[in-house]
Amino acid sequence: MLLIISGAHDDSVRAVLPKLRERGVPLLRWDEADYPEASTLTTGFLGGRWRQTLTYRGEVHDLSRVTAVWHRRPGRPAAPGVPEPTQRAFAEHVAALALTGAYDLMVGARWLPASPQHVLSVDSKLLHLYRARELGFTVVDTVVTNDPREVVSAWNRTRGRLVTKSLDYREFRVRGERHHLYTTVVPRRRLTGVHRIRYAPAILQPNVEKAYELRVTVVGERVFAARIDSQASRLTTVDWRHYDDANVGYFAYDLPPDIERRCVRLVAELGLTFGALDFIVTPDGRYVFLELNVEGQWAFVETLTGLPIGDAIADWLAEATARPDPKGPTDVR
């Protein structure tokens, strides 16, 4: 059985569900946000073996039958029925611990992209840069710091061609409005407020000249590369995530074989089965590695280029699910 753990409105999962049904894959879709309030999870060592059951929408599911898991941006455990805030926080905290333990015991299942605990351990931009460099990718000078003096040094070192990035793409609010931190050029005038970096470490890199950019999606050993003509619009010149699809072209792209092999190796050596990698291609043809997104978006790439990424995900999950049922969490080491 395939267990899909995701939010109810995830577009990527929606796109793959019909493909899984076409392949006859038995599946259960569930969201961690429905636990503990709207579902029960029981793990126990009884009669000489471990057993795990998930009860959801009136049905009991034996998790020892799960051979594949797609963990795709689920909600957080929620206990809205507990009115007192500290008690609710406690309930949600212990629920998260119970989930971690349950996932640890699902040793017979294959995960996409990996178990949540493993994803947490390897989801580090610095680690990705380090591993990419070891594999021979071109990586630019990079500093992660909260020291204002380092920002000034980096600005001088790049002769004013400096960009800053966040370590995580996470929403926050300014005067009640939602904001994200995108890759941003650091002009000289911003150095007057450089002291603010002390409270939030940031990535500092030179602003590399671009011919275009690439989003490379790896599913198992299959690779799908998309060219993004980010320099065609002023909005996307520095960060294509500002999106100007009316003016920016997206095209299927043939990677050089050595770059393709390194992409697969990077994902695999991080213990992952999926990754979305970002590159700059410079005017002189160099491929500059930027980052790897463990749960990166891919549906927009498929829509805009026709690359069959959803089919590759469905194939991977179908193959993993078709393996014989595991014996359950009986051999945990």
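Annotations
- On Cα atoms only, tilt of 257-269 relative to the major axis of the chain in degrees: 50 degrees
- 222 nm mean residue ellipticity, helices alone, for the chain (DSSP H n ≥ 4; -39,500 (n - 2.57); rounded to 500): -8500 deg cm²/dmol
- Average accessible surface for the chain: 52 Å² per residue, computed with a 1.4 Å probe over protein heavy atoms with every protein chain in place.
- Local net charge near Trp30, Cβ-Cβ under 11 Å (Lys/Arg +1, Asp/Glu -1): -2
- Under 15 Å, Cβ to Cβ, from Tyr56 - net charge with Lys/Arg +1 and Asp/Glu -1: -3
- For the range 37-135: rounded, prolate or oblate by the Cα gyration tensor [a/c cutoff 1.5]: oblate
- Per-residue 3J(HN,Hα) values for the range 76-83, derived from phi via the Karplus relation 6.51 cos²θ - 1.76 cosθ + 1.60 with θ = phi - 60°, read 8, x, 9, 10, x, x, 8, x Hz in sequence order (x marks Gly and Pro).
- Within the range 111-176, trypsin sites (Lys or Arg not before Pro) in DSSP loop having at most 10 other beta-carbon neighbours inside 10 Å: Arg159, Arg170, Arg175
- Normalised by the number of residues in the range 38-134, the average gap of Cα pairs under 8 Å and 6 or more apart makes the relative contact order 23 percent.
- Of the GluC sites (Glu not before Pro) found in the range 91-181, the ones in coil according to DSSP and having at most 13 other Cβ atoms within 10 Å of their Cβ are Glu171.
- Of the beta bridges in the range 16-135, as assigned by DSSP with both residues counted there, near 75 percent are antiparallel.
- For the chain, the longest principal axis of the Cα atoms and the long axis of helix 11-22 meet at an angle of about 50 degrees.
- Lys pairs, the chain - Cα-Cα below 30 angstrom, 8 or more residues apart or on other chains: 4
- DSSP beta bridge pairing in the chain, given as percent antiparallel to the nearest 5: 80 percent
- Axis angle, to the nearest 10 degrees, between helix 148-157 and the longest C-alpha principal axis of the chain: 50 degrees.
- Ligands, DNA and RNA left out, the accessible area of the chain computed with a 1.4 Å probe is 51% carbon and sulfur.
- Packing-based ranking, highest mean first, of 207-214, 224-231 given that Cβ atoms within 10 Å are counted: 224-231, 207-214
- Local electrostatic count, Asp278, Cβ distance below 13 Å [Lys/Arg +1, Asp/Glu -1]: +3
- For the range 171-217: rounded, prolate or oblate by the Cα gyration tensor [a/c cutoff 1.5]: oblate
- Ala68 long-range amide H proximity, modeled H, under 5 Å: Leu3, Arg110
- Rounded to whole Å, sorted largest first: equivalent-ellipsoid semi-axes of the chain, Cα gyration tensor: 38, 25, 18
- log₁₀ of I(q)/I(0) at q = 0.22 Å⁻¹ - the range 216-319, Debye sum with one point per alpha carbon: -1.29
The values are calculated or read from the model by the stated rules, or taken from the named source; none is laboratory data. Values in this document were obtained by computation on a predicted structure and should not be read as measured data. Counting neighbours? That spans all protein chains shown, and the Cβs are built from the backbone with ideal geometry, glycine included. To get the accessible areas, we keep the full protein, side chains included, count just its heavy atoms, and leave off ligands, DNA and RNA. Shrake-Rupley method; radii C 1.70, N 1.55, O 1.52, S 1.80 Å.
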